[in-house]
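Structure first, then comments.
The values are calculated or read from the model by the stated rules, or taken from the named source; none is laboratory data. Everything quoted here is computed from the prediction, not taken from an experiment. Please note: Cβ atoms are built from the backbone with ideal geometry, for glycine as well, and neighbour counts cover all protein chains shown. In case anyone asks, the SASA skips ligands and DNA or RNA and just uses the protein heavy atoms, side chains included. Shrake-Rupley method; radii C 1.70, N 1.55, O 1.52, S 1.80 Å.
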Amino acid sequence: MVKPLIDFLREVPDPRCKRKKKHDYAEILMLVIIGFLAGKQSLRRIRRFCRKNKKTLKRQLKLKGEIPSISTFSRVLSSTDTTLLTCAFMNWIGGILDTRGIHIIIDGKALRAATERLKDKKAPYILNAIDQATKLVIAQLDIPEKANEMTAIPEMIEMLDITGSTITIDAIGATSKILNLINEKSGFFVQQIKKNCPATYQEIEDLFEGLAQDEKQDPESFMKEYKDCYSCTTSNEINRDRYEYRTMKAYHGDKMIQKIRDDIPCIKCVGQSVQVRIPKEVDENGMDITPSKTDFLKNGSRRCPVPKEGDQLMDHIQRVGIISNKECDAEELAHYKRSHWAIENSLHHVLDEDFLEDKCPAKKSKVTLSILRKFAYNIIRLILMRNPDENISIIEMMDDIGSDLELAEEYLFESIPSLY
């Protein structure tokens, strides 16, 4: 069992001076989490919701000074030690979910409305890590203005116990420092390689081009020589308004990847992913006239006369390399590559659309609010996991909690079972 959430919040030191205080610090943080759970995205709406539900809240919270004012909320959140609040968050979720032996996805997200309105100021970024299976956030790290994801990722990896876990990061994580660190911490990586790593990218392209030529010249001999170390898988589907065709190849023999091991000796497997996206087309009668994959690659289409080829996500023909420090076949690599985007669909999209994080103009308290949103997000995920057969979205659950706080009381105020 994991101790009540408010006990973790009490581990964060009160930033206010020691003179008499009207409101309990941990309770202020808890009220913000409750407001986020109920779908209230601004401090004004959070305060109004808490005032309307004061009787219910007083069953669990002392609220000696009643509900704080907007200025009190703002002042306290702006002065909170975000490093210690992050530690409290990780201790809380670490008691619920084991970070060992899972698929961890790491990616950065901008807080666009929190950008300082000064010349050359960049949007602040938050680095997030989630468990692919449960979609629970397991860590967050704010990226300083003069830093970037490349410098923050090693710090996040150091924060986590990744023993036996597989880490996937976007192409920015393809550095020897990051990948060797994952290996040293007894973790695995399945890392995309794009043209920002030109030498490795080209070596992978050349490797699979050579294998393709060997297979074409003598398929029977090819299968005999490479059957234990080479695999290929294909898939296709209609995704929104386009047809997607995916091909993944994997190779884990020692013979042909020695060059790629120069900077990262632990590499045991390389892969090549080719994805073709064809925009769907219909005629004046609504009949599907989308060209086949072969025709599209040769002649394009009406909507896309010249298909764009590259390693960017929205290219019509996307080619990326993959490296890993564990032996994987093509199906495994395809699964990890596809699953990596769960962080965009399951977390970042939810934060922007349901929690309106990208529209929050708070600047001094932006990181604190981001962490408190993650508490609320994880609680909603845990509630939804209890009834997996019910097709309820996160925003619908927020509506339900707003109407009945008892739905979340167990996760807010009681000891809860872990998922270990």
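Figures for the structure shown
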read-out: GluC sites (Glu not before Pro) within the stretch 267-309, DSSP loop, no more than 13 other Cβ atoms inside 10 Å; value: E284
read-out: Sparsely packed GluC sites (Glu not before Pro) within the stretch 223-270, loop by DSSP, other Cβ within 10 Å at most 15; value: none
read-out: Lys, Arg +1 and Asp, Glu -1 on Cβ, resulting dipole of the stretch 118-245 about Cα centre, debye, nearest 20; value: 620 debye
read-out: Accessible area of the chain divided out per residue, in Å², using a probe of 1.4 angstrom; value: 49 Å²
read-out: Summed side-chain charge close to M223 - residues other than M223 whose Cβ falls under 13 Å, Lys, Arg +1, Asp, Glu -1; value: -3
read-out: Cβ-placed point charges (K, R +1; D, E -1), dipole of the chain about Cα centre in debye, nearest 20; value: 3040 debye
read-out: Within the stretch 1-119: Cβ-based charge dipole about Cα centre, in debye rounded to nearest 20 (Lys, Arg +1; Asp, Glu -1); value: 1000 debye
read-out: Spherically averaged projected area of the chain from its Cα convex hull (nm²); value: 25.2 nm²
read-out: Principal-axis tilt of helix 330-339 within the chain, Cα atoms, nearest 10 degrees; value: 30 degrees
read-out: Semi-axes of the equivalent ellipsoid for the stretch 331-408, Cα gyration tensor, largest first, Å; value: 24, 21, 10
read-out: Table column - 3J(HN,Hα) (Hz), the stretch 84-99, Karplus curve with 6.51, -1.76, 1.60, x for Gly and Pro; value: 6, 5, 4, 4, 5, 4, 5, 5, 5, 6, x, x, 8, 10, 6, 8
read-out: Subset of K135/K308; K3/K337; K293/K337; K177/K366 violating a 25 Å alpha-carbon distance limit; value: K135/K308; K3/K337; K177/K366
read-out: Cα lying deepest toward the dipole's positive end in the chain, options F189, Q140, I371, charges on Cβ; value: I371
read-out: Positive minus negative residues near D315 (Lys, Arg vs Asp, Glu; Cβ under 12 Å); value: +3
read-out: Around D107: net Lys/Arg minus Asp/Glu count, Cβ-Cβ under 9 Å; value: -2
read-out: Positive dipole terminus of the chain, leading residue within I395, S273, I169 (C-beta point charges); value: I395
read-out: Gap separating the Cα centres of the stretch 1-60 and the stretch 351-372, nearest whole Å; value: 17 Å
read-out: Dipole of the chain [Lys/Arg +1, Asp/Glu -1 at C-beta], most positive-end residue of T234, L61, I93; value: L61
read-out: Selection of trypsin sites (Lys or Arg not before Pro), the stretch 270-365, meeting DSSP coil and at most 16 other Cβ within 10 Å; value: K280, R302, R303, K308, K326, K363, K364
read-out: Amide hydrogen neighbours beyond the local backbone of D142, cut-off 5 Å, H modeled; value: L127
read-out: Whole-angstrom gap from the stretch 169-236 to the stretch 67-116, using each part's C-alpha centre; value: 36 Å
read-out: Percent accessible area from carbon and sulfur atoms, the stretch 306-420, protein chains only, probe 1.4 Å; value: 46 percent
